[in-house]
Amino acid sequence: MKLFRYTLLSMAVFLSTISSILLLGLLPSSLKAQEPFQPYFASLRYEKVNLRTGPGMQYVVEWIYQRKLTPVEVVNKYKDWLQIRDVEKTTGWVRQDQVTSNRTAITTTITLLYRDNNVDSATLARIEAGVFVSLEKCVVAFCQIRVKDYQGWIVRQHLWGIYAQETLN
């Protein structure tokens with residue numbers, strides 16, 4: 001019976017201490033509830049970027065990207081490592097300094113480049129699927145892009161690298 005009372009007393013002290021810590025906000029930042037990560041699109045900063053199986057140099061290099069400004073979706077973060085996903089849905093980890101906020105996209109189908117942001121405007125070029133483009137601006141249904149010597153508007157749903165409701169200025 002003594003042991004039972006001692007256990008109850010210990011438990012009461014423990015719960016009281018935890019309550020005080022929570023009320024005073026003394027939890028270390030690593031234990032506090034964190035806001036959920038908000039995914040975003042970005043691009044790879046360098047010609048060669050190692051995609052690793054986990055967030056650290058000790059993890060195996062699973063893939064090597066070999067194109068600067070490849071668009072990626074950043075889906076998670078751990079310290080200075082970002083978990084990314086590419087257009088082919090390959091997922092892995094890269095160091096944060098390997099990624100830039102410059103916005104690019106990839107055409108997902110054969111599409112037309114228009115002078116203005118409507119399909120009734122003049123056609124400037126026909127763009128094949130899989131072409132990397134720089135995003136300049138995106139409005140409701142169109143994105144203004146640059147590819148080689150061309151600049152114009154493309155139907156947004158023909159691009160991977162921008163969210164359906166995202167605007168870009």
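Just flag the GluC sites (Glu not before Pro) in segment 95-169 sitting in loop per DSSP whose Cβ has no more than 10 other Cβ atoms within 10 Å. Mind dumping the intermediate values first?
Numbers: sites: 128, 136, 166; in loops: 128, 166.
Filter output for segment 95-169: 128.
How far apart, in nm, are two points set 7 Å out from the Cα along the Cα-to-Cβ line at residue 59 and at residue 108?
2.6 nm
Over all pairs of distinct alpha carbons, what does the Kirkwood formula give as the hydrodynamic radius of segment 74-144, in Å?
On the way: mean 1/r = 0.0696 Å⁻¹.
Kirkwood hydrodynamic radius for segment 74-144: 14.4 Å.
Taking the Cβ of each residue in 155, 72, 139 as the centre, tally the other Cβ atoms inside 10 Å and list the residues starting with the fewest. If you can, show how the numbers build up before the last one.
Values: 155 18, 72 27, 139 13.
Result, fewest neighbours first: 139, 155, 72.
Just so you know, all these numbers are worked out from the coordinates, no wet-lab data involved. Values in this document were obtained by computation on a predicted structure and should not be read as measured data. Reconstructed Cβ throughout: ideal geometry from the backbone, glycine too, with neighbour counts over all protein chains shown.
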